[in-house]
There are 2 protein chains.
Amino acid sequence: MTQGSTAERSTELEAQLKAIASQRRLLILEWLKDPEANFPSREHGDLEHGACNLFIVERLGVSQPAGSRHLRILTDAGLVIPTRRKGWVYYRRNEPGIAELIARIGEL
Amino acid sequence: MTQGSTAERSTELEAQLKAIASQRRLLILEWLKDPEANFPSREHGDLEHGACNLFIVERLGVSQPAGSRHLRILTDAGLVIPTRRKGWVYYRRNEPGIAELIARIGEL
DNA sequence: GAACAAGATAGCTATATAGCGATATGACTC
DNA sequence: GAGTCATATCGCTATATAGCTATCTTGTTC
């Protein structure tokens, strides 16, 4: 059984809903739809893996720790995927995860 | 213009997401899919208008004020519709509102 | 219109969330 | 392997949310 109980699934859904119930995190998800358009390239090919944490934090206009936590909440909810490369962490949308959340909300 | 600004719409979306990012409120919406099955009838024909506040509070297992606030949050978010009748308030799902929210989340 | 009952609001406490600055961790670079 | 830079975590404060009891408001009934 890779599937949790109903209660666990409910709690997970609640966590995912809380993850997107934030203006800043909605913005992050929106920006990550098109990293090339929304963020500078740190080096050739970076944007394949999404946007550098550094630029997300900067664009959010919050402190680095605050941005880091928003990204952690999105990561824990399975909505973005971090990729470590060189000294940086790049974040991209987890499209299957997002699609699954949308499907579950569709059952409301 | 009946439509608010983008910022207002975003804030409204955030409020709606926060409204459903709660186990208790998700339960209320679920129960209201079938008031007849989930709640006793207060008098003939009541359930057309949804479930009586009283029974929702009781089934939630929280105090009356706590239940009242949950219902207010759902009402403010446009997800349920209250109907006052005799001494009671009945709540039913606002299906168009829920559908609109689902559609907006689908754009995530 | 007096009595009563349902629901909303007020005032409070406890917990959760979001922000910050400071610091620890981890990974490149030399 | 020492230094440095990006990111994560810690410790704190401020605000938001959720619960309670007590009380106010409102609508119904007699």
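Throughout, read-outs are computed from the coordinates displayed, never taken from laboratory work. Quantities reported herein were computed from a predicted structural model and do not represent experimental measurements. Here the Cβ positions follow ideal geometry from the backbone for every residue, glycine too, while neighbour counts run over all protein chains shown.
Backbone phi angles across region A:102-108, fed through the Karplus curve with coefficients 6.51, -1.76 and 1.60 (θ = phi - 60°), yield HN-Hα couplings of 4, 5, 5, 5, x, 8, 4 Hz in residue order; Gly and Pro are listed as x. Per-residue shielding of A:92-103, expressed as the average number of other chain Cβ atoms within 10 Å of the residue Cβ, stands at 1. Annotation: amide H-H contacts under 5 Å for A:Val89 (H modelled 1.01 Å from N, sequence separation of 5 or more, or interchain): A:Asn53, A:Leu54.
Mean per-residue shielding of peptide A:14-23 is 5, counting Cβ atoms of other chains within 10 Å of each Cβ.
For region B:48-108, the spherically averaged projection of the C-alpha convex hull amounts to 4.7 nm².
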